[in-house]
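Below is one structure; the comments refer to it alone.
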Amino acid sequence: MLHENLTINDLGHLCIAGADTLLLAQKHGTPLMVMDEQRIRRNFQIYKGAMAKYFGEGSFPAFASKSFSCKYIYRLAREENVGIDIVSSGELYTALEAGFNVEKSFFHGNNKTDFDIEYGIDNGVGHFVVDNMTELDSIDRIARKKGIIQPVILRLTPGIDPHTHASITTGQVDSKFGIAIETGQADDAVRYTLSKANIRLDGFHCHIGSQIFDIKPFCDAARLMIKYIAEIKEKTGYEAGILNLGGGFGVRYIPSQPELDYEEFIRLISEFINLEIEASKIKRPIIIMEPGRSIVADSCLTLYTVGGTKEIPGFKNYVSVDGGMPDNPRYALYQSDYTVCLASRMNDKNDFKCTVAGRCCESGDLLQENVDIPKPQRGEILAVLVTGAYNYSMASNYNRIPRPKVVGIRDTGDFEIIRRETFADLTKNDL
Ligand SMILES: *Cc1c(COP(=O)(O)O)cnc(C)c1O
C-alpha cells in the first residue's frame, strides 16, 4: 500500500494502524477521519532527531499547524517537544488551550492585525515572522507600549521557483509573502528593523512552497539565504542567529509519487548547508524547519459512505459520497491527487472507472476523477487516503454540512480527537 500503516485484513477490509476501517465507520459514522497517532509521533521524531543530529544543538522543527490545527495536535507537539508555526490568533488560542508553551512558536502571516500582534505579545509568542515594514512599525509600537523588546525574524523571498502548483508556490519575488532580496528591499528592511528600539532581530526566514520532492530548490534557497546573511553582515555588521528554512517537503498521495526519506533529505541538505556556511565565513545559525504536510498527511484517511452511482453512457461514471468539499476542498481548489479505494472490498478487481463526487450543490465538488475501484453498492465504505493535512483545517460548513468526526488510533484502541459537529453547532451563532 501507499504507506506502511495501511494494510488489508483477512476480510479484505482496509486497515489503518491495524484497525479495521469498516468497524470504525460502523462505530463512529461517516464521514470520518481516522488518524494514526504513532505515525504522527514518528514523523515528529524523525524531524526532531535528524535536525538535532545534522544541524546541531538548538535546531528544531516548528510544526506548521495550519495543516491540522486542534488541541490534540498541539498536545502531541508539546509531548514530542517540537516548536510550532502559527498564522493567526485563533491558532495561537488553540495552542494555548492545549497548554503549549508558545515561546517555541513562530507567528506567521502576511497581514497580522494589531489585535494579533497584541494578543501574541500578551501571550509570549517566541518570534513574529515579519512580512512587511508597516507590520514591523506596529510590532515596535505595541512592544513599546507593553515595555518589552520583541524578538522577530524577517521573511525574505529568495526568488526560487520550486516547480510545484502555482497556488502553493511562495518563494518568488512577485509574491504576497515576504520581502524580496533581489530588489534591494531586504537590505532596507534589515536596516530599518535594526533601528527599532523595541524589536530584536534574530534572523531570517524563507518558505519556497509546498509538496516539493526535489532537494534542489531547498538547497538553492538555503544557498541564497546564507549568501544573504554573509552580504548583510558585510554591509551592516549584523549577523543572523536563526535561519528558518520553512516547510514544503513532499508527501506521497498516489503510487507514482516517491515516499521521501526525511531523515536522509535533512542529512543531504545539512551537508550542503554546512559547506555553504564554511565558504561564506559566517557563524553557524540555528536552523529551523517548518514541516506541516509531512507531519500529519500520511497519518490519516477519510471514510465516506457511498450513496448514488451514476453511469452516463458515452461519458463517465459518478460515485457520490456523504462528504466532499466541506471536509476536503483540495481537489476543488487545486486538483490535488488522492488515492481512493473501496475499503470494504480491497481485494476485488478495480474495474470501475469513475469520478468520486461530494454531496454539495457545486459541480466542482469532486474528490477525485478517473479513479479505478470495484463498482460500489450504496452503503459501502469508500476511503480517501493521506488526508491529514489541509483537510480538516480547511473544512467548511458549506450547504450546512456539519464537519466530520476525527478519531485517533493508538495501542489501546480508538479515541475521539474532534467530535462530530451537530446541527445545533451549525446555528449556534445565528441570531
Ligand atoms: C504552509 C507553510 C509551511 C508548511 O508547509 P508544508 O508544505 O505543509 O510543509 C511552513 N512554513 C510556512 C511559512 C508556511 O506558510
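The values are calculated or read from the model by the stated rules, or taken from the named source; none is laboratory data. None of the values given here were measured: they were computed from a predicted structure. Backbone-built Cβ (ideal geometry, glycine too); neighbour counts: all protein chains shown.
So here's what we get for this one:
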{"item": "Residue list for the range 105-115, restricted to those being charged (D, E, K, R) and more than 15 Å from the ligand (Cβ to nearest atom)", "result": "Asp114"}
{"item": "Pairs with Cβ under 7 Å, 6+ apart, first in the range 327-353 and modelled with pLDDT of 95 or more and assigned to a loop (DSSP other than H, G, I, E, B), second crowded, with 19+ Cβ neighbours inside 10 Å and among the acidic types (Asp, Glu)", "result": "Ser344/Glu380"}
{"item": "Candidates Pro404, Pro376, filtered to the one that is over 27 Å from the mean Cα position of the chain (by Cα), buried (at least 20 other Cβ atoms within 10 Å of the Cβ) and under 24 Å from His28 (Cα atoms)", "result": "Pro376"}
{"item": "Filter pass, Ala389 being touching a Ser or Thr at 6+ places or on another chain (Cβ under 8 Å) and either of a type in the set (A, V, I, L, M, F, W, C) or over 30 Å from His3 (Cβ atoms) (or both)", "result": "yes"}
{"item": "Selection within the range 242-280 - touching a Pro at 6+ places or on another chain (Cβ under 6 Å) and part of a loop (DSSP other than H, G, I, E, B)", "result": "Gly247"}
{"item": "Pairs where the first residue, in the range 199-216, is in the same structural domain as Arg155 (by TED's automatic domain parsing) and among the β-branched types (Val, Ile, Thr) and the second is at pLDDT 95 or above and within 11 Å of the ligand (Cβ to nearest atom), C-beta under 7 Å, 6+ apart", "result": "Ile208/Gly246; Ile208/Gly248; Ile212/Gly248; Ile212/Phe249; Ile212/Gly250"}
{"item": "Check on Ser175, among the hydroxyl-bearing types (Ser, Thr, Tyr) and crowded, with 20+ Cβ neighbours inside 10 Å", "result": "no"}
{"item": "Top-ranked residue of the range 45-80 - restricted to ones that are under 22 Å from Gly413 (Cβ atoms) and either in contact with a Cys (Cβ under 8 Å, 6 or more places away or on another chain) or in contact (Cβ under 8 Å) with a residue 40 or more places away in the chain (or both), ranked as farthest from the ligand (Cβ to nearest atom)", "result": "Tyr72"}
{"item": "Lone qualifier among Gly126, Gly109 - being small (Gly, Ala, Ser), touching a Lys or Arg at 6+ places or on another chain (Cβ under 8 Å) and under 30 Å from Lys235 (Cα atoms)", "result": "Gly126"}
{"item": "Qualifying residue in the range 187-208 (condition: within 11 Å of the ligand (Cβ to nearest atom), surrounded by fewer than 22 Cβ atoms within 10 Å (Cβ to Cβ), under 22 Å from Ser336 (Cα atoms) and aliphatic (A, V, I, L, M))", "result": "no"}
{"item": "Index of the failed condition, Arg284 passing every other in (1) surrounded by fewer than 19 Cβ atoms within 10 Å (Cβ to Cβ); (2) in contact with a helix residue (DSSP H, G or I) (Cβ under 7 Å, 6 or more places away or on another chain); (3) not in a loop (DSSP other than H, G, I, E, B)", "result": "(3)"}
